[in-house]
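Worksheet for the structure shown next.
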Amino acid sequence: SIRAELEEITRHVELEIGDGTTSAILLTNDIFNLLLNIMDMYKNKIPPYKILDIFKKCISSIQETISYILI
């Protein structure tokens, strides 16, 4: 599920910004590593659906920031 979200983000960035492949990959990697660190820090006490919810909120915030910068 997280992988599907990461792929969707990559497609969105590329469509909105142009050839943003490198930026999208780096951004996706950073977010994914952050989520892994959160899961490790809490010793898997956070259910996966909560992690996915956090991930979606991060993505929405990033998309808003990118949209604001491009205007």
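Annotations
- Asn33 over 15 Å from Lys57 (Cβ atoms), open to solvent by less than 70 Å² (accessible area, probe 1.4 Å), at pLDDT 75 or above and within 14 Å of the chain's Cα centre (by Cα): yes
- Complete set of residues in segment 36-66 that are open to solvent by less than 60 Å² (accessible area, probe 1.4 Å) and small (Gly, Ala, Ser): Ser60
The values are calculated or read from the model by the stated rules, or taken from the named source; none is laboratory data. Owing to the predicted nature of the structure, the values given are computational and were not obtained by experimental measurement. So basically every Cβ, Gly included, is an ideal-geometry build from the backbone, and we count neighbours across all protein chains shown. Accessible surface is based on the protein model in full, side chains and every heavy atom, while ligands, DNA and RNA are left aside. Shrake-Rupley method; radii C 1.70, N 1.55, O 1.52, S 1.80 Å.
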